[in-house]
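Structure first, commentary second.
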Amino acid sequence: MAFECQKSTEVSKSLAICVEKSNSNTEHLEISESPLDCYPKKGILSSLSSKQLSCNDVLLNYRRSITDLPPALISEILSCLDPQELGIVSCVSRVLNSLATENSVWKEVYSERWGLPIVPAPLGAGVSNEKSWKELFVEREYRSKIFLSRYSIDTLHGHTEAVRTVSLLASAKLIFTSGYDMIVRMWDMEDGLYIASSRPLGCTIRAVAADTKLLVAGGTDGFIQGWRAVEGLKHLFDLKSSEVPNTEFRIWEHEGPITSLALDPTRIYSGSWDMTVRIWDRSSLECIKILRHGDWVWSLVPHDTTVASTSGSDVYVWDTNSGTLLTVIHSAHVGNTYSLARSHTGDFIFTGGEDGAMHMFEITGPKPEANVFKVATWMPHSGPVYSLAFEFPWLVSASSDGRLSLVDVRKLLRTNRRSLRKNVSRVTDMDRNNVEPPQRMLHGFGPNLFSVDVGADRIVCGGEEGVVRIWNFSKALERERTARAMRGIRLENRMRHRKLQIEMSSKGGRTDQCSVAAKKNPMHVDRSGVWRNKHGMSGKLKA
């Protein structure tokens, strides 16, 4: 707690007197001339009174540190620090090291950036593959930097017309694509091999979403086609419904083409050109909420109990439980706002529009009074931005100019753990004009990239060419690990060689005497093979 002391200089003098007289074996001393009158700030109850304190009490209070606090309180304080600051604090003492490496702290940091990971299968009997949350964070943070390294490109052929949508299911290593040819195709993410495809669905498919339990596709005829995962099936979904019946379904209610789909554990979200976003119950497949907009809905992203959507040039944020509108970003772009992405905390929204711009907004404040602030703007494209994908710290965009841009928003994203009050913006002190440009641009496509997704060290995109491309950065991670291992070996060899040199120099002897003599009488040789010293040729050679 912060206190305001009126006689701070007198107290410091008295403290100095206490130290001097305590060294001279003074048993007891009272500070009578300058009482410690401290008054708390407004709203804080004072735990001190203006009493005369003994020297021992003053020294005892003076020597207290943060480690004297209860461990639960220290953990709560450490939860407000960044990962780098946690690492620094862990080097102070053993107590702080044990508290700064607690799983609860690092679990919160990890989930704010990437969400909770899928727990891998056990390696086998007697083998433990469990990692602490700190180890998982360090590994994921290291992997997030490989998008600036080398890559390989895999091209997937199979679609006969333009690809309108791609979806990457990293936990199952699957890729789902569809487009104008009216067929949903499933690919192996690792090998880039074709696995299966659905029957023709009768119309263009503009949206696909999937998790490990459900796959849905939205058509321009206004229906949602779905497939439930089959237990025991290697690739989860039976797209042709040939092996297991009754796993495929179709639901109708939209009166226009479906342009966007999303899933969470209990609901299905769909956006349409009928100017509505509909929320469906996953178990009963019934529509439980209808969110009406003033223009065509282009994109949507749910988070917890809210969903953000784009309609025309505006961006809406809704409460999914009550169906009420929380806030609106009017005229976010010049023209339509085509694409939308969101951070894992839900506090930051990224938009891409018809004007080729990309904006970053921050949502602050409680739900009924949510405020929106623009954080940054990028203009990396010369055409409309049709699709956005986000995985911390990379924002990836696909545009009609045939290029992908990669923006590192690590410096702009500040988690709500750094904020003391939720209704105050955490970016108001930032120079919004001093925003770094995209860190990388990926070329080599034809025009009109319609969809992009990112995950598992890969970027997947599809467009008007009718092919799907996978930018694979996973090998860059292996190369970097090999390079780091080689650097460690070279450093070890240099240290060993240096140690041998020190041992040789400490022994002395004939070796050092010979080296000194060689320095005093340097010898030289010319091209004819005659040796000379620094004084010229010897007398015998001259004769």
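The values are calculated or read from the model by the stated rules, or taken from the named source; none is laboratory data. Small disclaimer: the values here were computed from a predicted structure and weren't measured. Note: ideal-geometry Cβ built from the backbone for every residue, glycine included; neighbour counts use all protein chains shown. What goes into the accessible areas is simple: the full protein's heavy atoms, side chains included, and nothing from ligands, DNA or RNA. Shrake-Rupley method; radii C 1.70, N 1.55, O 1.52, S 1.80 Å.
Observations on the model:
- Within the range 493-512, considering residues that are among the polar types (S, T, N, Q) and at pLDDT 55 or above, the one surrounded by the fewest Cβ atoms within 10 Å (Cβ to Cβ): Ser506
- Positions within the range 319-365 being among the hydrophobic types (A, V, I, L, M, F, W, C), within 17 Å of the chain's Cα centre (by Cα) and either open to solvent by 30 Å² or more (accessible area, probe 1.4 Å) or farther than 20 Å from Met275 by Cα (or both), in sequence order: Phe348, Ile349, Phe350, Met360, Phe361
- Matching residues in the range 459-471 - criterion: being open to solvent by 10 Å² or more (accessible area, probe 1.4 Å) and assigned to a strand (DSSP E or B): Arg469
- Count of residues meeting criterion [open to solvent by 40 Å² or more (accessible area, probe 1.4 Å) and under 31 Å from the mean Cα position of the chain (by Cα)] in the range 261-280: 3
- Count of residues meeting criterion [assigned to a loop (DSSP other than H, G, I, E, B) and either under 16 Å from Ser272 (Cβ atoms) or in contact (Cβ under 8 Å) with a residue 12 or more places away in the chain (or both)] in the range 210-237: 11
- Residues that are of a type in the set (Ser, Thr, Tyr) and over 32 Å from the mean Cα position of the chain (by Cα), drawn from the range 284-318: Ser284
- Any pair with Cβ under 9 angstrom, 6 or more apart, that starts in the range 136-161 at a residue that is hydrophobic (A, V, I, L, M, F, W, C) and ends at one that is open to solvent by 80 Å² or more (accessible area, probe 1.4 Å): Leu136/Lys107; Phe137/Lys107; Leu156/Leu193; Leu156/Tyr194
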